[in-house]
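The values are calculated or read from the model by the stated rules, or taken from the named source; none is laboratory data. Predicted model, so just to flag it, every value in this text is computed and none were measured. Ideal geometry is used to build each Cβ from the backbone, glycine not excepted, and the neighbour counts take in all protein chains shown.
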Amino acid sequence: MSLWSLERYVPSFLLHSDTYYVVLTDLDGLYQVANTRFYSRFRFDPNRIKGVHSFALIHPEDHAACANAVTQCLEYPNQPCQVLLRKPDESSFFWSSWEFSALFDADECIGILCVGHDVTEAQLSSVRVLEYAKTVERILEEMTDGFVQLDENWNFLKINRSASQILGIQSSDFLQKCFWDVVPNQADFLFLNKFKEAVDTKQRMEFDEYFPLADRWFSFLVHPTQEGLSIFFQETSEEIKQRKVILDSQQKLQALLDSTQDSNVYFDQNFSVLTVNERARQESFLILGKSIQLNDDLRDFLEPSFRDKFIDVSMQALQGQLVEMDVTVGGIWFNFRFYPVKNEIGMITGVALNARNIDQNKRAGIRIQEQESLLRAIYNSTTESNTFLDREFVIRFNNQTSREITKQVIGREAKVGEKSLDFILPEDRAEFSDYYTRVLAGERIIVEKIGGNSWWKFFLNPVFDEHNVEIIGISQIVQDISEMKSREAKILSQNQILREIGWRQSHELRRPVATILGILELVKQDKTEMTPALIEYCDFLVAAAKDLDQMTASIVAQVNEDK
């Protein structure tokens, strides 16, 4: 019997096994012989195996593990050594578990006896379990909610990125520390009582509460687990303020915000649900009448009008794109974010869907847009130019008249976001920069300027915040006063004419009247030639001349008074 005959060293049941591979190698690692199962599984010609190095059928990354196993066998010849190796296939590889033993002929070690079996399915299952765990971990880390995991002794196990950002802490500084060493157990910290109650009753709890250490409001979702306590939270300070404003202004408005926690669903390329959180189950039940569960086809929960769009966006995410969109589901506005999820080798395995209820903010935004449209329509209907500038002199609002005036004077329309000084004539910019600075200091300025062959009147006033405390910008109102200036010029011209008439009345017209009066007095004094009739005529002329003099004096006085 040959030195390298399997029958010499291996039992018959292994020689003909359909499960186990049997291989003999020499001390140089060269194949000598193998059983039928090995040849068929790895598609190797029995006549060509002798002298082939064993590394040829082992994944390069496993060469070191194989060599170490051989070394261990030679150092401890009476102990078999186990090793997990990958055997390459056409496009992938097989996982196989091997047991190496030193092979002796008489008392001499001549090689290595290798017995193995296929463990590919078991390994792939382990990889899938690891991928699933990593996916859950990734979702927790990427979600916008703050997340804190405590163990049964109230020690920190995990603090996600959002929690670190919201609380302004470094997660590494708190891990493995006790919660009660970090957060004082004070009576006015009401949320702590809810945490304790959740642990004691083993009941999930959801509530809004004020967090004194951060001086902010938060919405909490507290969920007892076998490991301890899971805490999801999100800041709701602004939403709390908005809710109070709505209640104060409308009095009968029902508070719609019962939670701001996100819904999160992870589904594969076939839209099969792999992970779904409690919020998603609750909201799907409330809106659609049925709750999303594991292995459900997510397409069954889509409204017909949204189904095609959802599938299209999901396919974009499966191609590696991050997609965000606002949609209505059951008449409620949600912000949907589609995140591609990759495994450790970079292959996209599914999509993480994050859904946030934005109904209240969306509708408030629509109302604000409607009010802004109404306000803009009112401003655009006026003949005055209205412009609002921020503290950097940047245009934040301007009406149609304002845009038309800038086009008339500068040659182009002023747009929101541009510098106001760019639409002031170059020779006036330094002056207006000074005006703006003075207005931001609280001064109100009215100034008239000529530009583009027209006269303009500027009203510059400070704009205060809603509390009338801080100046946040400048209101610039511009009126076209060209017609008024034209009327003023006409009036000034008329006044000049009147002054000239007055001057002529007082100097040119009164001079001959005075001469006439003087001559008449001389005639009356010379009575040698005067008859009673002539004297009477002279008196008439004197009276008429004096009347003419009084009328001239009256006109001059009136002109001087108007002046």
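With the requirement that a residue be of a type in the set (V, I, T) and not in a strand (DSSP E or B), what does segment 200-237 give you? First the steps, then the outcome.
Here is the first cut: in segment 200-237, the residues of a type in the set (V, I, T) are 201, 222, 225, 231, 236.
The answer is T201, T225, T236.
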**Asked** With respect to the numbered conditions (1) part of a helix (DSSP H, G or I); (2) without any contact (Cβ under 8 Å) to a residue 12 or more places away in the chain, which one is the sole condition not fulfilled by Q316?
**Response** (2)
**Request:** Inspect segment 80-93 for any residue being in contact with a Cys (Cβ under 8 Å, 6 or more places away or on another chain) and not in a strand (DSSP E or B) and give the result as yes or no.
**Result:** yes
**Asked** Are there any pairs, at least 6 apart or on different chains, whose C-beta atoms fall under 8 Å, with the first in segment 342-371 and on the phi < 0 side of the Ramachandran plot and part of a helix (DSSP H, G or I) and the second modelled with pLDDT under 75 and crowded, with 16+ Cβ neighbours inside 10 Å, and if so, which?
**Response** Q360/L257
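Taking the criterion of being aromatic (F, W, Y), modelled with pLDDT of 90 or more, not in a helix (DSSP H, G or I) and not assigned by TED's automatic domain parsing to the domain that holds R243, would at least one residue in segment 434-450 satisfy it? Break it down into steps so the answer makes sense when it comes.
To start, the set of residues in segment 434-450 that are aromatic (F, W, Y) comprises 435-436.
The next check asks that each one be modelled with pLDDT of 90 or more; those that pass are 435-436.
Pick out the ones that are also not in a helix (DSSP H, G or I) and you get none.
No: zero hits.
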**Complete:** Residues of segment 269-286 being surrounded by 16 or more Cβ atoms within 10 Å (Cβ to Cβ) and either at negative phi or at pLDDT below 85 (or both), in sequence order, are V273, L274, T275, V276, N277, E278, R279, A280, R281, Q282, E283, S284
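May I ask you to verify whether Y76 is of a type outside the set (V, I, T) and buried (at least 18 other Cβ atoms within 10 Å of the Cβ)?
Working: of a type outside the set (V, I, T): yes; buried (at least 18 other Cβ atoms within 10 Å of the Cβ): no.
So Y76 fails the test.
Residue by residue, here is whether (1) hydroxyl-bearing (S, T, Y); (2) in contact with a Phe, Trp or Tyr (Cβ under 6 Å, 6 or more places away or on another chain); (3) assigned by TED's automatic domain parsing to the domain that holds A280 holds:
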| site | (1), (2), (3) |
| --- | --- |
| S314 | yes, no, yes |
| A317 | no, yes, yes |
| G320 | no, no, yes |
| M325 | no, yes, yes |
| W333 | no, no, yes |
| N343 | no, no, yes |
| M347 | no, no, yes |
| V351 | no, yes, yes |
| A355 | no, yes, yes |
**Meets criteria (touching a Cys at 6+ places or on another chain (Cβ under 7 Å) and of a type in the set (G, A, S)) for A122** = no
**Request:** Would you mention how many residues in segment 412-467 are under 36 Å from the mean Cα position of the chain (by Cα), surrounded by fewer than 17 Cβ atoms within 10 Å (Cβ to Cβ) and of a type in the set (G, A, S)?
**Result:** 4
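Looking only at segment 405-414, how many residues end up being basic (K, R) and in contact with a helix residue (DSSP H, G or I) (Cβ under 8 Å, 6 or more places away or on another chain)?
Matching residues across segment 405-414 total 1.
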**I348, sole failed condition from (1) over 19 Å from D262 (Cβ atoms); (2) among the hydrophobic types (A, V, I, L, M, F, W, C); (3) loosely packed, with under 12 Cβ neighbours inside 10 Å** = (3)
**Request:** Kindly indicate which of A187, A214, A198 is among the small types (G, A, S), more than 19 Å from D359 (Cβ to Cβ) and at pLDDT 85 or above.
**Result:** A198
**Request:** Sort out which residues of segment 538-563 are at pLDDT 75 or above and among the hydroxyl-bearing types (S, T, Y), and write them in order of number.
**Result:** none
**Request:** Scan segment 123-142 and give yes if some residue there is of a type in the set (S, T, N, Q) and closer than 30 Å to H16 by Cβ, otherwise no.
**Result:** yes
**Request:** Look through segment 493-503, keep the residues that are out of contact with any helix residue (DSSP H, G or I) (no Cβ under 6 Å at 6 or more places or on another chain) and surrounded by 14 or more Cβ atoms within 10 Å (Cβ to Cβ), and return whichever of them is modelled with the highest pLDDT.
**Result:** R499
**Where a residue in segment 417-439 is over 23 Å from T401 (Cβ atoms) and its partner, wherever it lies, is at pLDDT 90 or above, with Cβ under 7 Å and at least six apart** = S433/L421; R438/I445
**Message:** With the condition being of a type outside the set (S, T, Y) and surrounded by 15 or more Cβ atoms within 10 Å (Cβ to Cβ), I'd like the helices (runs of 4 or more DSSP H) fully within segment 104-194 carrying at least 2 qualifying residues.
**Reply:** 120-142, 161-167
**Complete:** Residue set K527, K457, K490, K485; condition at pLDDT 85 or above and of a type in the set (D, E, K, R); output residue K457
**Request:** From (1) of a type in the set (F, W, Y); (2) in a helix (DSSP H, G or I); (3) more than 60 Å from the chain's Cα centre (by Cα), pick out the condition that doesn't hold for W4.
**Result:** (2)
**Request:** Could you figure out which of (1) in the same structural domain as H59 (by TED's automatic domain parsing); (2) out of contact with any Leu (no Cβ under 6 Å at 6 or more places or on another chain) isn't true of L130?
**Result:** (1)
